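The values are calculated or read from the model by the stated rules, or taken from the named source; none is laboratory data. Fair warning: this is a prediction, and the values are worked out from it, not measured in the lab. In this analysis, Cβ positions are derived from the backbone assuming ideal geometry, glycine residues included, and neighbour counts consider all displayed protein chains.
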């Protein structure tokens, strides 16, 4: 669990949780716990994605994947343990925050929705089961708005809820985060083509025939789509004014990454 | 997820949750949800246990295991989905119950403790990593009081918390359930020896050399230990008087099963 969590990742999701809570004026230990829980869920999904039954990847974040380092059965237990610990942390953090607008159940519910069969798991299932010839832009967007977008959305929402943000502000953050997440995934596809394992710290796994945004749209098309999504993300922040500037910078970071 | 949940299991864990809540006077939909969540966690653990990297089992509850029926990657996602849904259900149920003595966080915490590295996952990890020559009765008891006992304990505790039982009654139930769980596991080992796949609905997997209670103690020794644990379980119910009779009957069911 520790190895899976402490690779040289970018921590974009927990940074998003922290940045959102802070723009609404809250910076505290329970918020940090929520951010860690989000990263644990992400780490869990990476451990599973890398398994032989999935992408069969040897490298992740510049190191052997968890199952290559510790064996498959330990990797499975570590993934399960990470998800489990994430929920314990979220429930505890929500309790300690004792919010006015949101119950602990609201917080857990938003995380569970992001992970479940209408979120990360659903996206991953379709990714595994869809035949390459069925993969058009709509299907690919569905897959990645669930595989990646949903957890980005929850990362933002948890930050907003931790700060007792108003419901309408929560929706603003959700819209921003979902578009940011999808753009981030496209940037990832671009890096798989334009980067090298030395830079990205991962290999592409066994599935060379995987359908990606770059494959469907070409490099310039994928860059344009990422730019468009980041535009949507930033536009949706307008109601929050200048205090949302850190989120605009985060979008710039993803944009920069996509080039 | 549905296939994994709807095999011909005995539902001992959710029955325990329901029976405990009912003996404290509560029978309601949120309690049923808690019971279902416990069974989901159990189903999740079975799906993972059966995988090629674990026990590599072909049969479970009289049908092909989930990965044999749907492939390994779908089995992984289903297991993750079951655990995730369990937490969503537990948080929602705890919220709806709005208890006096326990917070939603207490309820989630008890479940997470049962599953985590000091519970089911810890027991399973030691089971995988311990060398056969290290396996004495203490190690085996540690493994199974965590692999099986911990979730039995949580099943009972969730039922007690759902009924707003006093802390001291919660402890009574925890002691009962933990011993019941360990006895249940020994009964399982006995059935693996005395039963046939037609009766038990499962095969023993690839690991014929697996150290079990029966292997360490022989059939009569294992039966005696199960009987002793069930005695502890039933004795611990004394403070609850006659209203705990359904739990005594559940112990009888496990005892009967062990013969």
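Quick look at the numbers
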| read-out | value |
| --- | --- |
| Selected residue (criterion: nearest to the other protein chains (Cβ to nearest Cβ)) from residues of the range B:125-144 that are in contact (Cβ under 8 Å) with a residue 40 or more places away in the chain and part of a helix (DSSP H, G or I) | B:128 |
| Residues (without any contact (Cβ under 8 Å) to a residue 12 or more places away in the chain and facing another protein chain (nearest Cβ under 9 Å)) located in the range A:64-78 | A:71, A:73, A:74, A:77 |
| Yes/no for residue A:225 being modelled with pLDDT of 95 or more, in a helix (DSSP H, G or I) and under 27 Å from residue A:31 (Cα atoms) | no |
| Some residue of the range B:159-166 being at pLDDT 95 or above and within 14 Å of another protein chain (Cβ to nearest Cβ) | yes |
| Subset of the range B:79-101 [more than 7 Å from chain A (Cβ to nearest Cβ) and over 17 Å from residue B:38 (Cβ atoms)] | B:98, B:99, B:100, B:101 |
| Check on residue B:122, away from chain A (no Cβ under 13 Å) and surrounded by fewer than 20 Cβ atoms within 10 Å (Cβ to Cβ) | no |
| Test result for residue B:107, more than 24 Å from residue A:54 (Cα to Cα) and either within 12 Å of chain A (Cβ to nearest Cβ) or touching a helix residue (DSSP H, G or I) at 6+ places or on another chain (Cβ under 8 Å) (or both) | yes |
| Qualifying positions in the range B:71-102 - farther than 21 Å from residue A:119 by Cα and in contact with a helix residue (DSSP H, G or I) (Cβ under 6 Å, 6 or more places away or on another chain) | B:93, B:94, B:95, B:96, B:97, B:102 |
| Which numbered condition residue B:102 misses (of (1) buried (at least 24 other Cβ atoms within 10 Å of the Cβ); (2) at pLDDT 95 or above) | (1) |
| Filter result (in contact (Cβ under 8 Å) with a residue 12 or more places away in the chain and assigned to a helix (DSSP H, G or I)) within the range A:102-111 | A:104, A:106, A:107, A:108, A:110, A:111 |
| Given (1) surrounded by fewer than 15 Cβ atoms within 10 Å (Cβ to Cβ); (2) at pLDDT 90 or above, index of the condition residue A:199 fails | (2) |
| Conditions (1) under 20 Å from the mean Cα position of the chain (by Cα); (2) facing chain A (nearest Cβ under 7 Å); (3) outside any loop (DSSP other than H, G, I, E, B); number of the one not met by residue B:117 | (3) |
| The listed residue being within 11 Å of chain B (Cβ to nearest Cβ), part of a loop (DSSP other than H, G, I, E, B) and surrounded by fewer than 24 Cβ atoms within 10 Å (Cβ to Cβ), out of A:55, A:49 | A:55 |
| Flag for residue A:155 being without any contact (Cβ under 8 Å) to a residue 24 or more places away in the chain, touching a helix residue (DSSP H, G or I) at 6+ places or on another chain (Cβ under 7 Å) and at negative phi | no |
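Conditions tested, residue by residue: (1) in contact with a strand residue (DSSP E or B) (Cβ under 6 Å, 6 or more places away or on another chain); (2) assigned to a helix (DSSP H, G or I); (3) farther than 21 Å from residue A:156 by Cβ.
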{"position": "A:9", "(1), (2), (3)": "no, no, no"}
{"position": "A:16", "(1), (2), (3)": "no, yes, no"}
{"position": "A:20", "(1), (2), (3)": "no, yes, no"}
{"position": "A:33", "(1), (2), (3)": "no, yes, no"}
{"position": "A:41", "(1), (2), (3)": "no, yes, no"}
{"position": "A:80", "(1), (2), (3)": "no, yes, yes"}
{"position": "A:94", "(1), (2), (3)": "no, yes, no"}
{"position": "A:100", "(1), (2), (3)": "no, no, no"}
